[in-house]
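Colleague: Quick one: structure below, then a few questions.
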Amino acid sequence: MKRHVILCTGGIGSGKSVVVRTLNELGVPSYDCDRSAKELYDRDPQLLADVVRITDPGVLDATGRLDRAALAERIFRDGDLLRKVEELVHPAVVRDFAAWLDARPEPVVVIESAILLEKPQFAPMYDSVLVVTAPEEVRIARVMARDGVSEAQVRRRMALQWSDERRIACADFVLENNDRQAILPALLNMLAKISEDGKN
């Protein structure tokens, strides 16, 4: 069965998770790319072995599991190493998502990721793009409250991501999650449009 895969994306603090949870409540299951990428180090022995091979055994803890802080320390000071690790992790996520998708009976599913839109090689994984936005001051306040970080730290993270304008240029649907307007009507409209398009 051909399923319609929605990529739900947006900048840090945009409120993607709230949108995805609402879609879940509407019966649309979701796959969290970022969380799955972290879990795959524990679930995929080959991926872990490959990461150790291109870094060093110091990325493992005493139990032989990935020491995420040790890996982060290495890859964020070495752009070439970061690229090599991503080249291992990304195909593992694609395989894991494909297996997850095969097990789903629903006609519409959502894949949640902050960065998937920025990686052209992942475009075949999804059929439409939902970009979640929010005013900058709302996003900053959310992340400061959630992560206990300063405004300057949030702005530094935001500067590393695509702008909303760039994301919106790739979007099929745009939803502003500003804590003032209800998001449910917009999501119902989106699902109705996808369903109608699927019949035509």
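What follows is calculated from the coordinates using simple rules that are stated; it is not laboratory data. Just so it is clear, the model here is predicted, and its values are computed rather than measured. Cβ placement follows ideal geometry from the backbone for every residue including glycine, while neighbour counts extend to all protein chains displayed.
Colleague: If packing is taken as the mean number of other Cβ atoms within 10 Å per residue, what is the order of 2-13, 101-112, highest first?
Modeller: So the order, starting with the most tightly packed, is 2-13, 101-112.
Colleague: Pull up all non-local amide H partners of Ile111: gap of 5 or more, or a different chain, and H-to-H distance under 5 Å with H placed in the peptide plane.
Modeller: Residues meeting the criterion, in which the H sits 1.01 Å from N, are Ile6, Leu7, Cys8, Tyr31.
Colleague: Still on this structure, I have one more. At 20 °C and 1.002 mPa s, grab the translational diffusion coefficient of the stretch 146-189 from Stokes-Einstein with a Kirkwood Rh over Cα pairs, rounded to a whole number in µm² per second.
Modeller: Values: Rh = 12.9 Å.
Taking Rh from Cα pairs, D becomes 166 µm²/s.
Colleague: Per-residue HN-Hα couplings for the stretch 179-193, Karplus 6.51 cos²θ - 1.76 cosθ + 1.60 at θ = phi - 60°, whole Hz, x for Gly and Pro?
Modeller: With the stated coefficients, the stretch 179-193 comes to 6, 10, 9, 5, 8, 4, x, 5, 5, 4, 4, 4, 5, 5, 5 Hz.
Colleague: Loop only by DSSP, 11 or fewer other Cβ within 10 Å of the Cβ. Give me the chymotrypsin sites (Phe, Trp or Tyr not before Pro) in the stretch 1-106 that pass, ordered by residue number.
Modeller: Phe76
Colleague: While we're on this one: What ranking of Leu60, Leu184 emerges when the number of other C-beta atoms within 10 Å of each C-beta is taken as an exposure proxy, fewest first?
Modeller: Leu184, Leu60
Colleague: Say R0 is 30 Å: what FRET efficiency, to the nearest 0.05, do Ser150 and Asp172 get from their beta-carbon distance? Please list the in-between numbers first.
Modeller: Details: r = 35 Å, r/R0 = 1.17.
For Ser150 and Asp172, the calculated efficiency is 0.30.
Colleague: If you don't mind, there's one more thing I want to ask. HN-Hα J couplings of the stretch 106-118 from phi, Karplus 6.51/-1.76/1.60, θ = phi - 60°, integer Hz, Gly and Pro as x?
Modeller: 5, x, 10, 9, 10, 10, 9, 7, 7, 10, 4, 4, 7
Colleague: Write down the Kirkwood hydrodynamic radius of the chain, to one decimal in angstroms, obtained as one divided by the mean of 1/r over all alpha carbon pairs.
Modeller: Radius from the Kirkwood sum: 18.4 Å.
Colleague: Given a Förster distance of 35 Å, report the FRET efficiency between Asp102 and Ala141 from their Cβ-Cβ distance, rounded to the nearest 0.05.
Modeller: For R0 = 35 Å, the calculated efficiency reads 0.30.
Colleague: OK, next. Work out the count of Lys pairs in the chain where the Cα-Cα distance is under 30 Å, with the pair 8 or more places apart or on different chains.
Modeller: 15
Colleague: Ok, one more. Quick one: which residues, 5+ away or cross-chain, put their amide H under 5 Å from the amide H of Ile183? H built at 1.01 Å from N.
Modeller: Under 5 Å from the amide H of Ile183: no residue qualifies.
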